[in-house]
1. So if we plug the beta-carbon distance of H81 and H15 into 1/(1 + (r/R0)^6) with R0 = 25 Å, what FRET efficiency do we get, rounded to 0.05?
2. Taking only Cα atoms, what is the 0 to 90° angle, nearest 10, from helix 7-18's long axis to the longest principal axis of the chain?
3. For a Förster distance of 35 Å, can you work out the FRET efficiency between the beta-carbons of L177 and K42, rounded to the nearest 0.05?
4. Any aspartates and glutamates with Cα under 14 Å of the K42 Cα? List them, leaving off those in the same chain fewer than 8 positions away.
5. Estimate the FRET efficiency between L132 and K49 by the formula 1/(1 + (r/R0)^6), using the beta-carbon distance for r and 25 Å for R0, to the nearest 0.05.
6. Per residue, how much accessible surface does the chain expose to a 1.4 Å probe? Answer in Å², no decimals.
7. Let's see if you can work this out: charge +1 on each Lys and Arg Cβ, -1 on each Asp and Glu Cβ, no other charges. What is the dipole magnitude of the chain about its Cα centre, in debye to the nearest 20?
8. Quick one: of K49/K130; K54/K205; K33/K205; K11/K130; K130/K162, which pairs are farther than 32 Å apart, Cα to Cα?
Amino acid sequence: DNVVGSPFTEKYIRHGEAMEVEVGRGSNKGVVKGYHNLSTGKARTPWYKLPQLKPTTIFLSEFYSARFLSLFSDRPLLADHLFELVYPDSPSSERALRLYLNSTVHFLMLELWTRRMGGGVLHPLTVDYKSLPVPDLDLLSPSLEGIVFGDRPTLDYSEEVKQEDRRRLDLAVLRGLGFSEADAGAILDELYQEYLEVVRDRLIKAGRSLAERVEEGGFSDVD
């Protein structure tokens, strides 16, 4: 096939076609000559052409341990397979979506709805993210007016729930879900306790001892 690009690009592609690739599983298990003969290569025409991905400003991680955050950018970017690219329905809903995806409500949903890997890693896949319930962002947006979040380093889950900016964000999300100001405050404390418990459960079952977590400060109570 004709290769469009510089001579260096063509050289790189031909090198890939001549490589001997060791496959550890599947129908092609063994040594395969050329990346174009792998199942992933055969699925693309031409094999070296990447899909036409659309840049976005919101990214969800494929792995979580004891620190939770959803990433966002001020300008559209692309990311590799370790992140899910999220496309808001409309520009008006983008800010509310960014904030909601960094709320403890969302992170608790991740713990309850997605799968766990060995080593205590939470491993949500595309299908898991698509199954997660998300509130009506048009109803949520008014409660999030004036909320500022994301201008500091993200802390361990047990320290995050002590931060004032997080509490303001989570209270705003609960109000947007229909709870009164008084009810949201009471519910938030219960939500934090449940959130701490499910994350602790995952980490302990992964083999990290109670003593290790106490030493790291991961078992302190919510103030």
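The values are calculated or read from the model by the stated rules, or taken from the named source; none is laboratory data. What you are looking at is a predicted structure, and each value in this text was computed from that prediction instead of being measured. For neighbour counting, all protein chains shown are included, and Cβ atoms are generated from backbone atoms with ideal geometry for every residue, glycine included. Each accessible area value is taken on the protein alone, full model and side chains, heavy atoms only, with ligands, DNA and RNA left out. Shrake-Rupley method; radii C 1.70, N 1.55, O 1.52, S 1.80 Å.
1. That pair, H81 with H15, gives E of 0.65.
2. The helix 7-18 is inclined about 90 degrees to the chain.
3. 0.15
4. Reachable aspartates and glutamates: E17.
5. On the way: r = 32 Å, r/R0 = 1.27.
It comes to 0.20.
6. 60
7. 1320
8. K54/K205; K33/K205; K11/K130
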